[in-house]
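One structure below.
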């Protein structure tokens, strides 16, 4: 909707895209819809992406399972990886997801990826302190 007044003022697709930080292709599509269907056409536009197969209740359950830790679920370490979360979803919620999609699900749930800190096994905690 921010693009509409700019396009109506005669600003180019490129100018609008740069000002809004979106692709030229997106603005071009919006402009085409605006010309063909008017502003109502933009309001009717369906946004990409399907409906999540995970319900809100299932997402809450998944969050609780993750917070409980990987060891609780029989993994060798307490480190969560995308394949492990995919396996957890398969076993506990009975849905199959590719590991690459699991990262989008987790981000949508407010989780972020963390890199574990590396620490030498031989490290002397007293000496470090």
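One table, with the values for the structure above:
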read-out	value
Test for residue 51: is it part of a loop (DSSP other than H, G, I, E, B) and under 30 Å from residue 1 (Cα atoms)	yes
Criterion violated by residue 38 - all others in (1) on the phi > 0 side of the Ramachandran plot; (2) assigned to a loop (DSSP other than H, G, I, E, B) satisfied	(2)
Candidates 91, 65 - the one that is buried (at least 16 other Cβ atoms within 10 Å of the Cβ) and either in a helix (DSSP H, G or I) or in contact (Cβ under 8 Å) with a residue 60 or more places away in the chain (or both)	65
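Okay, residues lined up against (1) modelled with pLDDT under 90; (2) out of contact with any helix residue (DSSP H, G or I) (no Cβ under 7 Å at 6 or more places or on another chain):
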| residue | (1), (2) |
| --- | --- |
| 4 | no, no |
| 10 | no, yes |
| 15 | no, yes |
| 22 | yes, yes |
| 31 | no, no |
| 36 | yes, yes |
| 39 | yes, no |
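Let's see how each residue does on (1) over 26 Å from residue 107 (Cα atoms); (2) within 24 Å of the chain's Cα centre (by Cα):
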{"residue": "3", "(1), (2)": "yes, no"}
{"residue": "9", "(1), (2)": "yes, no"}
{"residue": "14", "(1), (2)": "yes, no"}
{"residue": "17", "(1), (2)": "yes, yes"}
{"residue": "22", "(1), (2)": "no, yes"}
{"residue": "28", "(1), (2)": "yes, no"}
{"residue": "36", "(1), (2)": "yes, no"}
{"residue": "51", "(1), (2)": "no, yes"}
{"residue": "62", "(1), (2)": "no, yes"}
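The values are calculated or read from the model by the stated rules, or taken from the named source; none is laboratory data. Worth saying up front: this structure is predicted, and the values here are computed from it rather than measured. All Cβ positions, even for glycine, are placed from backbone atoms using ideal geometry, and neighbour counts span all protein chains on display.
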